[in-house]
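A.B. asks: This structure is in C-alpha cells; I'll ask about it shortly.
The values are calculated or read from the model by the stated rules, or taken from the named source; none is laboratory data. Worth saying up front: this structure is predicted, and the values here are computed from it rather than measured. Just the protein is used for accessible areas: all its heavy atoms, side chains included, with ligands, DNA and RNA removed. Shrake-Rupley method; radii C 1.70, N 1.55, O 1.52, S 1.80 Å.
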Amino acid sequence: ANKAAFRWGRMWVIDPDAVAAASQLPGALLPQPSPELEADIVRRGLGDGELGRIVRLRAADLVQYQDAKYAAKYLDTVQKVAAAGVSAYTEAVARNLYKLMAYKDEYEVARLHLEEAAKLHLENEVGAGMTVTYNLHPPMLRALGMDSKIKLGPWFTPVLAQLQKGKKLRGTPADPFGYAKVRRVERELIKEYRGLVEKLAAKVNDVNTADAVQLAELPDLVRGYEEIKLKNVDVYHSELARLKSNLNL
C-alpha cells in the first residue's frame, strides 16, 4: 500500500486527469446530504467554500451514524463557532468535533463492515466471489479475560445487520455497551469539547488564533481503542489544560 501511494503520487505529476478518473468511484460513495440537510446547512450560513465541503460530508455521515438530530447538534456548534468569523478556527472545529461525535462503538463497527464502500474495496483488492470472515473481540469476551480476537464466518453478517439497527440505543440507559468506561469517556469528551469551543469562539482574535486552532485540533490526539484510547485521553487533557491557561479559559 505504501508503494502504491508513491506510484499514485508520481502518476499525479504525469497524468492528473487519469488519477482523478480513477478516484471517481470512491468519491461517489461518500455520504451526500439529503435535500433537507442541504437546506439546513445553507440556512445556517455554512454552505460556502472549504467549510461547506467539510460540513456537508461530515453532517451527512453523522445522519447515517446516528440520525438527523445528532447531525443537527454538530451543526449547532459549528454555526456558533462560525459566528466568530475566524475561518481557520471554524474549520478546525468542524473537522474535530466530527471525530469525537463519530466514535467507533459496536454499532458503528457493524455499519462500517456492511457499507457498500467496504464491499467494493474488498472486491478491488481480492476479486468478486470472495468469502468474508470477521475478526472481532467482543467486550463480553474481554471481560472474561480472552485477549485474542475470534474469527466469525459469513453467517455472522445478519448479526451485524441487527447490531447496526441497535444504534438508536446509543447513549441511552438501554445501551448495553454504553456503560463501559471508554464509552462514557467518549460521550463526556463530546460534551466538554462543544462547551469549550463555543466559549472560546467569543474570545478568538488575531493574537490568539494559533492557540485557538491548536485547541480545536486536540481531538486528533484521541486515537486507538480501549486502554490505548484512554491513555491518549490523558494526553489530550494535559494539552488542553495548557492551552486553556494560554487562552484564559
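A.B. asks: Calculate what fraction, in whole %, of the accessible area of the chain sits on carbon and sulfur atoms when a 1.4 Å probe is rolled over the protein chains.
C.D. replies: 57
A.B. asks: Another question, then. Based on alpha-carbon atoms only, what is the radius of gyration of the chain relative to the globular estimate 2.2 N^0.38 Å?
C.D. replies: 1.13
A.B. asks: Moving on. Which value, in Å² and to the nearest 10, is the accessible area of Ile14 when all protein chains are kept and the probe is 1.4 Å?
C.D. replies: 130
A.B. asks: For the range 129-249, what does the convex hull of the Cα positions come to per residue, in cubic angstrom?
C.D. replies: 159
A.B. asks: Another question, then. So with the 1.4 Å probe, I'd like the accessible area per residue for the chain, rounded to whole Å².
C.D. replies: Per-residue accessible area for the chain comes out at 59 Å².
A.B. asks: Can you work out the Karplus-derived ³J(HN,Hα) for every residue in the range 227-238? Use 6.51 cos²θ - 1.76 cosθ + 1.60 with θ = phi - 60°, whole Hz, and x for glycine or proline.
C.D. replies: Residue by residue, the range 227-238 yields 4, 4, 5, 5, 5, 5, 5, 4, 5, 4, 5, 5 Hz.
A.B. asks: Continuing with this model, one more query. I need the phi-derived Karplus couplings for the range 203-218: 6.51 cos²θ - 1.76 cosθ + 1.60, θ = phi - 60°, integer Hz, Gly and Pro marked x.
C.D. replies: 10, 5, 8, 4, 7, 10, 4, 4, 5, 5, 5, 4, 5, 4, 8, 4
A.B. asks: Now for a separate question. Pairs of Cα atoms under 8 Å, at least six residues apart: use those to get the relative contact order of the range 36-82, whole percent.
C.D. replies: Over the range 36-82, the number comes to 33 percent.
A.B. asks: Just from its helices, what would the mean residue ellipticity at 222 nm be for the chain, if runs of 4 or more DSSP H residues each count -39500 (n - 2.57) and the sum is divided by every residue, rounded to the nearest 500 deg cm²/dmol?
C.D. replies: Working: 14 runs with 166 residues, N = 249.
Only helices count here, giving -20500 deg cm²/dmol.
A.B. asks: Checking the cross-link filter: which lysines have an alpha carbon closer than 24 Å to that of Lys165, excluding same-chain neighbours under 8 positions apart?
C.D. replies: By straight Cα distance, Lys165 reaches Lys69, Lys73, Lys99, Lys104, Lys119, Lys149, Lys151, Lys181.
A.B. asks: Would you list Phe177, Phe6 from the most to the least accessible area, probe 1.4 Å?
C.D. replies: The residues order as Phe6, Phe177, largest area first.
A.B. asks: Starting from the Cα-Cα distance between Leu221 and Phe6, subtract it from 0.36 nm times their residue separation and give me the gain in nm to one decimal.
C.D. replies: 74.8 nm
A.B. asks: Right, another one. Please compute the length gained on full extension between Leu249 and Ala128, using 0.36 nm multiplied by the number of residues separating them and subtracting their Cα-Cα distance.
C.D. replies: This chain segment gains 38.1 nm when fully extended.
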